[in-house]
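The values are calculated or read from the model by the stated rules, or taken from the named source; none is laboratory data. What you see is a predicted model; the values in this text were computed from it and never measured. Quick reminder, even Gly has a Cβ in these numbers, built from the backbone with ideal geometry, and neighbours come from all protein chains shown. Please note that ligands, DNA and RNA were not included when accessible areas were found on the heavy atoms of the full protein model with its side chains. Shrake-Rupley method; radii C 1.70, N 1.55, O 1.52, S 1.80 Å.
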Amino acid sequence: MKNTSVKEVELRYTTLDCSRFMETFCRFKSIEVLNLANNCISVLSPLDPLLIGGSATLRSLNLTNNDISEENAIEFFQKLSQMKRLRHMGLAGNPFLESESWMDVFSNAGWQNKSMECISFRYSNWDRQDYSAIAAIANVPLSLNRGGRRALEIDESSKPLPAGLWSHVLERAATLFYYDAADVWGHDPSLDSTRADVVFWLLKEKMAGNGLLER
């Protein structure tokens, strides 16, 4: 089974063996949105084919209210830099959020990942847990990704962004609204304010790349 037309899949509120379902989903070569909220998922490695490698297709993954432990979360976050297409992810309501040892791994991986734009750690508007520590390590790299820091990424297969396009990158970054780690899954970006620090960071990194800061 290698269906190439299915774009969205939802499997919720089941106590069945989700690992077998996830392995089946990976045979669908076109899935972009996968909603696995409110199950009993603990191991995430079966999703690797949808997240990692040249055939990765997944852009949105909802794992809210599952059984992801601290150990499994750390293993998952260690692969975050390899997830080139994933943009949005929901992780609220999982056991690992009750600890803190995963945060260092997530922080390091978050700076290496240049495609993720939003990770929601909050379950609902009635969730009173303090997410300030998570927001402190998550909001900046995710906002930079949304603002366009991929434009600074140069490797053997890519060319530098033409200088004439930089004004458009900066204009877009200055007018975008940005997500917050405390936003509930599925909410639109915050309408409170834009992030001037994103524009400043892009300018600083661009100037540093051109050696302008050393002159």
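Just a few scattered comments:
- A search for C-beta distances below 6 Å between a residue of region 26-45 that is in contact (Cβ under 8 Å) with a residue 12 or more places away in the chain and part of a loop (DSSP other than H, G, I, E, B) and any residue that is surrounded by 20 or more Cβ atoms within 10 Å (Cβ to Cβ) and aromatic (Phe, Trp, Tyr), counting only pairs 6+ apart in sequence or on different chains, returns LEU44/PHE76.
- Of all residues in region 24-73, those being within 23 Å of SER5 (Cβ to Cβ) and not hydroxyl-bearing (Ser, Thr, Tyr) number 25.
- Any hit, region 89-97, residues being open to solvent by 10 Å² or more (accessible area, probe 1.4 Å), farther than 18 Å from ASP183 by Cα and not hydroxyl-bearing (Ser, Thr, Tyr): yes
- Filter result for the condition that a residue is closer than 25 Å to ALA56 by Cα, in contact with a Ser or Thr (Cβ under 6 Å, 6 or more places away or on another chain) and either modelled with pLDDT of 80 or more or of a type in the set (Asp, Glu) (or both), over ALA138, ALA151, ALA109: ALA109
- Number of the exception - MET116 against (1) in a helix (DSSP H, G or I); (2) under 17 Å from the mean Cα position of the chain (by Cα): (1)
- Any hit, region 87-106, residues being touching a Lys or Arg at 6+ places or on another chain (Cβ under 9 Å) and of a type in the set (S, T, N, Q): no
- The residues of region 63-86 that are surrounded by fewer than 18 Cβ atoms within 10 Å (Cβ to Cβ) and not in a helix (DSSP H, G or I), listed by number, are ASP67, SER69, GLN78, LYS79, LYS84, ARG85.
- SER60 passes every criterion in (1) touching a helix residue (DSSP H, G or I) at 6+ places or on another chain (Cβ under 6 Å); (2) open to solvent by less than 40 Å² (accessible area, probe 1.4 Å); (3) over 21 Å from TRP102 (Cβ atoms) apart from (1).
- Annotation: of all residues in region 186-203 being aliphatic (A, V, I, L, M), within 21 Å of the chain's Cα centre (by Cα) and surrounded by 13 or more Cβ atoms within 10 Å (Cβ to Cβ), the one that is modelled with the lowest pLDDT is LEU202.
- Take the conditions (1) surrounded by fewer than 19 Cβ atoms within 10 Å (Cβ to Cβ); (2) under 13 Å from the mean Cα position of the chain (by Cα); (3) assigned to a loop (DSSP other than H, G, I, E, B); GLY54 misses just one of them, which is (2).
- Checked against (1) touching a Leu at 6+ places or on another chain (Cβ under 8 Å); (2) open to solvent by 40 Å² or more (accessible area, probe 1.4 Å), GLY110 passes all but a single condition, namely (2).
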